[in-house]
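Below is one structure, written out as structure tokens; comments come after it.
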Amino acid sequence: MSAKKDKDLDLSQDVGQKEPHPKLRFDKKYISQMHYEFDPNENSWKLCKNAPVHFNQLSKIVSADTLYWIKKALLPYAEQKSSAGTVKIANELQSLYKFIGPVEITDVALRNYRATLNRRNEHKLGDIRGFLKKWHKKGYPGITAEAIEYLNNQTFKGNVTGEAVQLLDPTKGPFNDIERQAIYEGLNAAYHKGDIRTEDYLAVLLLLSFASRGTQLTKLKIKDFNKVKRLNDEEAFLVGIPRSKQKNTTWRGQFAQWEGNKLLWNLFELHSQDIINSVKSAFPSLDKSCLLYTSDAAD
């Protein structure tokens, strides 16, 4: 018997119920693309170091059974896609349900929701179109065939990207030279006072130096930092930054090689020594050869 016809799986249960029907419970934990373990029964999924997926607000709008099917459809994204993309889908679903209420997603509901969006934010519906289509294709209850037909016949304006950078927006745009200098001076002063850790100082300098994303820095390993010599015997300091936004990029599958300066290298060495000291403290009998941080070190 299909889920749609099973009276025990009726989506018309009261909103706010604490637990879904006993049949609708996840019986295992899952691993995210960033190798974080999470329990889909929880209302917060930690898929990476930052930006967890929250379902608390959504659980106040829809029934526990509906929330189960939402999570069920979202699990492949949580396992295989970026955490940021999964968070975005969850947030846009929350906006949709906040408007339509605890009902099945129909073509009428989508039409009415789109009518509330202007051309600058109609991408909110376009951003979840692929997810909704996969949800329906799986055969999970909660969305009608008419809703999918409507989505297939619509064109949604994409999100406006890069506008803040192009227009040098003072709030959302890039730092200007004066702001960057102020950040550097503030960091230096705070570090010398002992107000910030070496790890944090290094992370901010990496962000400023290479315009890296936070997700890229979380993938960094000690062996990604290397000191080499040029043909003229001049030293160069290289950092291999893992790529994170390219399609079909696996965990630490591709790198962009950047050249740093002496300050970055000095901070890296201090941070490496901090790691070694913490490991020595936790495991005093550990073989010292395991604590090398050269480019030949193990993963």
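Just to be sure before I move on: is Lys88 closer than 26 Å to Arg252 by Cβ, charged (D, E, K, R) and buried (at least 16 other Cβ atoms within 10 Å of the Cβ) in the structure I sent? Spelling it out, Lys88 is indeed closer than 26 Å to Arg252 by Cβ, charged (D, E, K, R) and buried (at least 16 other Cβ atoms within 10 Å of the Cβ). Taking the criterion of being of a type in the set (A, V, I, L, M) and open to solvent by 30 Å² or more (accessible area, probe 1.4 Å), the residues of segment 61-85 that qualify are Ile61, Ala84. Just to be sure before I move on: is Tyr113 under 20 Å from Ser59 (Cα atoms) and either of a type in the set (A, V, I, L, M, F, W, C) or at pLDDT 95 or above (or both) in the structure I sent? Here the answer is no, as Tyr113 does not meet what is asked.
Of all residues in segment 214-233, those satisfying the criterion of being farther than 15 Å from Asn261 by Cβ and either modelled with pLDDT of 80 or more or surrounded by 14 or more Cβ atoms within 10 Å (Cβ to Cβ) (or both) are Gly214, Thr215, Gln216, Leu217, Thr218, Lys219, Leu220, Lys221, Ile222, Lys223, Asp224. Identify the residue in segment 234-243 that is open to solvent by 30 Å² or more (accessible area, probe 1.4 Å) and not basic (Lys, Arg) and, among all such residues, is modelled with the highest pLDDT. Here the residue is Leu238. Residues in segment 236-245 that are within 17 Å of Leu263 (Cα to Cα) and touching a helix residue (DSSP H, G or I) at 6+ places or on another chain (Cβ under 8 Å): 3 in all. Inspection of segment 37-51 identifies no residue that is surrounded by 14 or more Cβ atoms within 10 Å (Cβ to Cβ) and closer than 20 Å to Ile143 by Cα. One residue stands out among those in segment 244-295 that are open to solvent by less than 70 Å² (accessible area, probe 1.4 Å), among the polar types (S, T, N, Q) and modelled with pLDDT of 75 or more: the one that is nearest to the chain's Cα centre (by Cα), which is Ser272.
Would you confirm, using the coordinates I've provided, whether Leu58 is on the phi < 0 side of the Ramachandran plot, open to solvent by 10 Å² or more (accessible area, probe 1.4 Å) and among the aliphatic types (A, V, I, L, M)?
It is false that Leu58 is on the phi < 0 side of the Ramachandran plot, open to solvent by 10 Å² or more (accessible area, probe 1.4 Å) and among the aliphatic types (A, V, I, L, M).
When residues in segment 116-132 are screened for being of a type in the set (D, E, K, R) and farther than 16 Å from Gly85 by Cα, 3 of them pass.
For segment 102-132, the tally of residues that are touching a Lys or Arg at 6+ places or on another chain (Cβ under 8 Å) and surrounded by 13 or more Cβ atoms within 10 Å (Cβ to Cβ) stands at 6. Number of residues in segment 116-140 that are at pLDDT 90 or above and assigned to a loop (DSSP other than H, G, I, E, B) equals 4.
Where in segment 51-112 are the helices (runs of 4 or more DSSP H), entirely inside, with at least 2 residues that are under 20 Å from Gly130 (Cα atoms)? Of the helices (runs of 4 or more DSSP H) lying wholly inside segment 51-112, those with at least 2 residues that are under 20 Å from Gly130 (Cα atoms) span 64-80, 83-100.
The values are calculated or read from the model by the stated rules, or taken from the named source; none is laboratory data. No experiment lies behind these values; they were computed from the predicted model shown. Here Cβ is always computed from backbone atoms with ideal geometry, including for glycine, and neighbour counts include all displayed protein chains. Heavy atoms of the whole protein, side chains included, go into the accessibility calculation; ligands, DNA and RNA do not. Shrake-Rupley method; radii C 1.70, N 1.55, O 1.52, S 1.80 Å.
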